[in-house]
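First up is the structure itself, then whatever we jot down about it.
Derivation of every value follows stated rules applied to the coordinates shown; laboratory data play no part. Keep in mind that what you see is a predicted model, and the values were worked out from it rather than measured. Because the Cβ atoms are built from the backbone with ideal geometry, glycine has one as well, and the counts that use them run over all protein chains shown.
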2 protein chains.
Amino acid sequence: MKKKLKLGVFGFGCVGQGLYHVLHETQGIKAEIKKVCVKTKNKARPVPDSFFTFDKNEILNDLDIDIVVELIDDANAAFEILKASLEKGKAVVTANKKMLAEHLEEIFNLQKKHGKPVLYEGSVCGSIPIIRNLEEYYDNDLIQSIEGIFNGSTNFILTKVFEENKNYTEALKQAQELGFAESDPSLDVKGYDPKFKLVIAIAHTFGVFVKPEDVINIGIDRISDLDLKFARENGYNIKLVARAFKSGDKIFGFVAPQFIDPTNALASVRNEYNAVQVQGAFAEKQVFIGKGAGSYPTGSAVLSDISALTYQYSYEYKKLEQAHGLTFSNELITEAFVSFDEGTPITGNDFEELQSGYASQGKQYMVGKVTLEKLLHWSKIEGVGIILAPKAAFIPLSNIQTRSLSVA
Amino acid sequence: MKKKLKLGVFGFGCVGQGLYHVLHETQGIKAEIKKVCVKTKNKARPVPDSFFTFDKNEILNDLDIDIVVELIDDANAAFEILKASLEKGKAVVTANKKMLAEHLEEIFNLQKKHGKPVLYEGSVCGSIPIIRNLEEYYDNDLIQSIEGIFNGSTNFILTKVFEENKNYTEALKQAQELGFAESDPSLDVKGYDPKFKLVIAIAHTFGVFVKPEDVINIGIDRISDLDLKFARENGYNIKLVARAFKSGDKIFGFVAPQFIDPTNALASVRNEYNAVQVQGAFAEKQVFIGKGAGSYPTGSAVLSDISALTYQYSYEYKKLEQAHGLTFSNELITEAFVSFDEGTPITGNDFEELQSGYASQGKQYMVGKVTLEKLLHWSKIEGVGIILAPKAAFIPLSNIQTRSLSVA
């Protein structure tokens, strides 16, 4: 009954090759790759030359091609391909989280305009089917929060730090040698990559579009040996946590490292694995764990989207209709451990409530309740490290009648 | 665009009441309860009397009712309701795992015959959307195995045993007092309940129908204080694990307690939580964790099925078409710790490979490789305790050319 779909693929890197092999090893799916558009000529590839083209129009203008699978790195070029494909009446499958995060509202509108779906399960936490579950399974569940480990490279680094007693620099180097971190790892370790995924997840969880530049990301690159010592002595892990939650008519969301105690479901999520924890009013706590990246896991998510297109699946974005007046906000107080060099302009008065503070070897430490705004500001100052407290409270500023500025 | 669906509900126990409240608190779903059929008259209920009927035909013959939601305990009566509902052209939502496990192939055929869907997400691991994911997301993934904690009551008991240093009897009593175990807990503690769920999962994972009576279930009711001591001394947990996997053209599946080491993802699944771990060729390891039972979590899964029916969803059972010649088998060797009273007719020769054995205080212990067939036989002998080894191997008998009967 289902027609055999023809695919035009852009990019033949790690995920593209994974898709190629997955598609050739599985039997159930009625789809085949017709053409792959790549940039670099004369490169040895594990597939016959006849598959390849260097001209994007050979795919875009091919009436026989039903689905464009966009798997290139460049977010701007990817968005151009997406737009051109929809205009040509082709469905699009992509895993480009940066492009999606930056253009999600526009992509939502383009789908309506052209009547063709864009699916992107592979963009958020690789193999974990979180978008589909948020769309289909939790559509009637009032979701309170979504949080988790959205980046495999940093989780690999942090796992090595704790399990093999390495410092941050050594662990990063090992991750790079094993291919789990890019040679320029800043998108990962500064928390941009998980932020892009969080932006996409927020749209499907709460029905709110937010721009990546409005979401705060604090990375793991400032974690010091003293932070690690503190974590080890107290039995904590450190994880880079992406989280979003609803409070009243506001949606809050940000990415930051956090001390994690052993009873937290995220504590046991190791190496390149990702985890997503959804707290719903009815389903209560749900955790999804799976490989967040890699050729096969992401290829599998992309394939699942292609499979869904064989039965005309499209995201309904139902929560957009339900999100009456919800807006994104950063007006939040949380609890953090802040470390900085002596002389950095940070004082106890900057905290809403200072819980403890001490100085050692030219470094100062302060722990207490503090606004996200301050954390963002401090995260841009050289030498400042920020880690959320193990069971940090999250208090919307609007919940505080008179802001207490007590200093303990 | 969607019509408002009318529901006829059978049963108003824990899940029925959960559904009622969930349906009244959520906004997104276009469905309302028209009638609830209950058995007991004159019972105080938190809902107006006008909702209730005591005559099943008031629901079955009501042309206005689109969906029958079957939430009663009695598996035979539930199956009669299911059949009558399909015959009357109504879709069915149920969470009755015993009924489903016993009649799944017939229910598959009845759906085809009457052209009406039966959905049952709530039947397997409560709030965890495992059936839907197996149907939709993993349809093109070659799944190698599915395993996990499929029963909340026994997991609650085992958690209390280890975290609060109780013995089995004390922990069972506490679970009963808190409502996590039935006054007759044998369906849970002897492993029947997780077996029913496993039977349903096997159909959606591998496309194979198997009768519950052909699947071996070994419970946790024979766990001795010495087993607990051994686990504690070695840093193990004990979990009641349901598992099924493919080897060649055979599907194996059974329920048995197992020593679990701390690096196993199941180790951190506590109290009434369930977990499902799927190993696929492409997606690799995926873990789903959520509440396995309870009024709201199961009500939420039932609601999700109702919601799916608003857009004409039905299970496609795609893997049935892909399961060329796969058959269920118990011809397997695994590794177990077997304890028994002196005088029980178990000897080292019964093991394919005896790894160790000792006697203490009238009890004998043997550890080694042994067939499932023997374990099943022994599990029926009073006083025999069986726990799988922490990283037990699973070796199909057909893989063994000459069965070695070496005794260490």
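Quick notes on this one:
- Ranked by the mean number of other Cβ atoms within 10 Å of their residues, highest first, the peptides B:95-102, A:328-335 come out as B:95-102, A:328-335.
- Along each principal axis, Cα extent of segment B:209-279, largest first, Å: 39, 26, 25
- Against chain A, whose longest principal axis is taken from its Cα atoms, helix A:295-309 shows a tilt of about 60°.
- C-alpha long axis of helix A:14-25 to longest principal axis of chain A, angle in °: 50
- Sequentially through segment A:259-270, phi angles give Karplus couplings (6.51, -1.76, 1.60; θ = phi - 60°) of 6, 10, 7, x, 7, 6, 4, 6, 4, 8, 8, 10 Hz, Gly and Pro residues having no value and appearing as x.
- Residue-by-residue Karplus 3J(HN,Hα) for segment B:82-97, coefficients 6.51, -1.76, 1.60, Hz, glycine and proline x: 4, 4, 4, 5, 4, 4, 7, x, 9, 6, 10, 10, 9, 10, 7, 5
- At the listed q of 0.13, 0.25 Å⁻¹, the Debye profile of segment A:286-361, built from one uniform point per Cα, gives log10 I(q)/I(0) equal to -0.81, -1.20.
- Placed amide H near B:Leu388: partners under 5 Å, 5+ positions off or other chain: B:Gln258, B:Phe259, B:Phe337
- Size of electric dipole in the protein assembly as shown: Cβ of Lys, Arg +1 and of Asp, Glu -1, about Cα centre, debye, nearest 20: 1280
- Three principal axis lengths of segment B:23-71 [C-alpha, angstrom, descending]: 33, 26, 18
- Alpha carbon centroid spacing (whole Å) that separates segment B:213-259 from segment A:22-96: 47
- Spatial extent of the protein assembly as shown: Rg and Dmax, with the Cα atoms as the point set, Å: 27.7, 82
- Note on B:299-311: average number of Cβ atoms from other chains within 10 Å of each residue's Cβ is 4.
- Across B:Asp66, B:Asp139, B:Asp49, mean-square fluctuation computed from a Gaussian network of chain B (C-alpha pairs under 10 Å connected) peaks at B:Asp49.
- Peptides B:128-138, A:183-193 ranked from most to least packed, by the mean per-residue count of other Cβ atoms within 10 Å: B:128-138, A:183-193.
- Summarising the amide proton neighbourhood of B:Asn217: residues at separation of 5 or more, or on other chains, whose placed amide H is nearer than 5 Å comprise B:Val255.
- For the residues B:Lys43, B:Lys291, B:Lys239, a GNM of chain B with alpha-carbon springs under 10 Å puts the largest fluctuation on B:Lys43.
- Charged neighbours of A:Ser183, selected by a Cβ distance under 14 Å, balance to -4 (K, R count +1; D, E count -1).
- The Rg/Rh ratio of segment A:5-123, with both radii computed over alpha carbons and Rh defined as the Kirkwood radius, is 0.94.
- Label point 7 Å beyond Cα along the C-beta direction, distances from A:Gly362 to other copies (nm, shortest first): 7.2
- Amide H contacts for B:Leu142 (H built 1.01 Å from N in the peptide plane; partners 5 or more residues away or on another chain; cut-off under 5 Å): B:Ala281, B:Phe282.
- By Cβ position, the chain A residue that hugs the axis carrying A onto B most closely, with its distance in whole Å, is A:Ser268, 2.
- Peptide B:131-139 is shielded by partner chain Cβ atoms: per residue, an average of 5 of them sit within 10 Å of its Cβ.
- Here the 3J(HN,Hα) profile of segment A:161-176, calculated from phi with Karplus coefficients 6.51, -1.76 and 1.60 at θ = phi - 60°, is 4, 7, 7, 10, 6, 9, 8, 4, 5, 4, 5, 4, 4, 4, 4, 5 Hz, Gly and Pro shown as x.
- Here B:Lys4 yields copy-to-copy label distances, from shortest upward, of 4.8 nm, the label point defined as 7 Å from Cα along Cα to C-beta.
- D_trans [Stokes-Einstein, Kirkwood Rh over alpha-carbon pairs] for chain B, 25 °C, 0.890 mPa s, µm² s⁻¹: 110
- In plain terms, if you count all Cα to Cα distances in segment B:43-197 and split them into 5 Å steps from zero, the share in each step is 2, 8, 13, 16, 16, 14, 13, 9, 5, 3, 1, 0 percent.
- Sorted from nearest, the other copies put their A:Phe108 label points 4.0 nm away, the label point being 7 Å from Cα in the direction of Cβ.
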